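These notes are about the structure you will find just below.
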Amino acid sequence: MARRQVQAQAGRPNVIFIVVDALRPDHLSGYGYERPTSPNLDAFMASGARFAEATSTSSWTYPSNAAMLTGLMPSHIGVKDWASPPGVVPAERTLLAELLHDAGYQNVGFVTNYFLWPKFGLNQGFDHYDRLNGSERAEDLNQMAFDWLTEHPDAGESQPLFLYMYYYDSHSWYDPPAPYDTLYDSTYTGSLTPELYGHGRSVIAGELVLEPRDVEYLLALYDGEITYWDIHFQQLMDRLAAEGLLENALVVVTSDHGEMFGEHGKWLHGNSLYEEVLRVPLLIRYPGVVAAGRVSDTPVMTTDLMPTVLDLLNLPVPDGLDSLSLKPLLTEEPGAIAERPIYAEMNGEVNPTSISYGVAPRYHLRSIKEGNRKYILAFGVPEENVLYQVEPNSLYEGENIIADYPAQAEDFHYRLYSWFQLPTQFRLIPVMFQE
């Protein structure tokens, strides 16, 4: 009997959960980008739903993924953020994979990026969880999954499958293989190379200064990485379809954070809470349940994915989460979610021996966005507190308008204190708010 027939009788779909590291939505053609970077993803997800404004809870990998898989803000989980080492997700925190395992799923994960390795606790609930060393390409990650499928020809027959794929390609270094390395810029003759830029540390330190033409080339390399990944996304979908695992499957595609290319004088990620580094793509496909072609403009957070997947599977959603199921936005059912504040956070690093010291700020940051206004709180550095009007496109945040709207800044400040349960000293209103 075909897998999909047994699966349909079991009544639960397979779940394919895909995360692409450092992927900006405004560099995907499906989000309106002028370059055709993601034609396969665009075509596949045309039968699903797209969220126009999805925000990660943090601007770097470990806390954002921990939040995505628990439905909790990083600081509420108990992870240490940028500390060295950042610690392990506490065993008492329940991850999506654990709940799916309890519901009868066979859970299989294939990951890149050091901070997804089992030592950090994100593998809780998986029956099989394998990793690459951290910088291999999409074809290598796919091959791991394909090898596992070959070795397990009965996968998806007796129990539904939860397949978690974590790709690294759009993360620095930006060095796509040919022909993607020259796909979007074949005329550059400058001195910048993927090796010279590396993880951008020399640019951040001011040792390497990029001219506008260099940045154009850097963006072309980044876009080439995306198109290279898009090819291998389609190969994964083709293999899953051939195995009978894609029929009636719930597919999620997102990222852990965005990336900076000189906006606000910043590069890479993990250094700020600007929109360029917090906005992520979010696409959900579930034929027969999620309306094809739906686009939701309601701002959402990646923490919402854990309860959303459970709700779409008609499984209980735990109490006490910092998130909401997005099912009402995905289906024709009543009960659409009203707009709510969108929160994000990241911790600074003061330890000079930490690998993050050259990237992270020296103080913690928390942000709240509501409507078109966004407030960022800098712990212990009140002169760095800012209020922005968020514009539709990058640069999303422009002029700091905190002096013009002290009452709104004060309101946001108190709400950040409440949401994040900040220490007493950060409840105090900075002098700049007082008229």
At most 13 other Cβ within 10 Å, DSSP loop - trypsin sites (Lys or Arg not before Pro), region 283-386: R362
Highest to lowest packing among 209-218, 251-260, scored as the average C-beta count within 10 Å: 251-260, 209-218
Top positive-direction residue, dipole computed over the chain with Cβ charges, set V89, N393, P212: V89
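Rounded if a/c is under 1.5, else prolate if a/b beats b/c, else oblate: with a ≥ b ≥ c from the C-alpha gyration tensor eigenvalues square-rooted, which is region 101-174?
Numbers: a/c = 2.75, a/b = 1.55, b/c = 1.78.
Oblate is the answer for region 101-174, as a/c is 1.5 or above yet b/c matches or exceeds a/b.
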Fraction in percent of alpha-carbon pairs per bin - 10 Å, the chain: 4, 22, 33, 26, 12, 3, 0, 0
Long-range amide H partners of V390 with built H, under 5 Å: R373, K374
Region 90-211, dipole about Cα centre (Lys/Arg Cβ +1, Asp/Glu Cβ -1), debye to the nearest 20: 380 debye
Hits among aspartates and glutamates - C-alpha to C-alpha of K119 under 17 Å, sequence gap 8 or more where chains match: D81, E92, E98, D127, D130
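How much length is gained on full extension from Y363 to R340, taking 0.36 nm per residue of separation minus their Cα-Cα distance?
Net length gain for the segment: 5.6 nm.
Suppose only helical runs count, i.e. DSSP H with n ≥ 4. What mean residue ellipticity at 222 nm does that imply for the chain under -39500 (n - 2.57) per run, divided by all residues and rounded to the nearest 500 deg cm²/dmol? Intermediate results must be reported in sequence, preceding the final value.
Working: 13 runs with 120 residues, N = 435.
Using -39500 (n - 2.57) per qualifying helix, the result is -8000 deg cm²/dmol.
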With Cα atoms, 0 to 90° folded angle of helix 212-242 axis to the chain main axis: 20 degrees
Between helix 406-420 and the chain: long-axis angle, C-alpha atoms, 0 to 90°, nearest 10: 50 degrees
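Ranked highest first by average number of other Cβ atoms within 10 Å, how do 194-206, 263-275, 173-185 line up? Could the numbers behind the result be given before it?
Working: 194-206: 15.2, 263-275: 22.0, 173-185: 17.1.
Averaged packing, sorted descending, gives the order 263-275, 173-185, 194-206.
Over the chain, what is the relative contact order in whole percent, taking alpha-carbon pairs under 8 Å and six or more residues apart? Each step should come with its number before you reach the end.
Numbers: 868 pairs, mean separation 99.0, N = 435.
Here the relative contact order equals 23 percent.
For region 166-262, calculate the relative contact order in percent as a whole number, restricting contacts to Cα pairs under 8 Å that are 6 or more residues apart.
On the way: 68 pairs, mean separation 35.6, N = 97.
Rounded, it is 37 percent for region 166-262.
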Pair D404, Q143: separation of 7 Å Cα→Cβ label points (nm): 5.6 nm
Lys/Arg +1, Asp/Glu -1 at C-beta; region 119-217 dipole; positive extreme among F126, A138, G156: F126
Whole-number percent relative contact order across region 39-165, with pairs defined as alpha carbons under 8 Å at least 6 apart: 21 percent
Unit charges on C-beta of K, R, D, E only; dipole of region 18-135, Debye: 200 debye
The chain - charge dipole about Cα centre, Lys and Arg +1 at Cβ, Asp and Glu -1, debye rounded to 20: 820 debye
Cα gyration tensor shape for region 71-222, rounded if a/c is under 1.5, else prolate or oblate: oblate
Dipole of the chain [Lys/Arg +1, Asp/Glu -1 at C-beta], most positive-end residue of G71, N248, T182: G71
Estimated distance in nm for a label pair at E98 and N372, the labels positioned 7 Å out from Cα along Cα-to-Cβ: 4.3 nm
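DSSP beta bridges in the chain, what fraction antiparallel, as a percent rounded to 5?
Details: 26 of 52 bridges.
Within the chain, antiparallel bridges account for around 50 percent of the total.
State the percentage of accessible surface on region 258-417 attributable to carbon and sulfur atoms; use a 1.4 Å probe and exclude ligands, DNA and RNA. Spell out each step's value before the answer.
Working: 3010 of 6140 Å².
The nonpolar share, carbon plus sulfur, comes to 49 percent.
Starting with the highest mean, order 52-62, 382-392 by the number of other Cβ atoms within 10 Å, averaged over the residues of each peptide.
Values: 52-62: 25.4, 382-392: 15.9.
Result, highest mean first: 52-62, 382-392.
The values are calculated or read from the model by the stated rules, or taken from the named source; none is laboratory data. This one's a predicted model, so the numbers in the text were calculated from it and none came from an experiment. Don't worry about glycine lacking a Cβ; one is built from the backbone with ideal geometry, like all the others, and counts go over all protein chains shown. Ligands, DNA and RNA are excluded from the accessible area calculation, which covers all protein heavy atoms including side chains. Shrake-Rupley method; radii C 1.70, N 1.55, O 1.52, S 1.80 Å.
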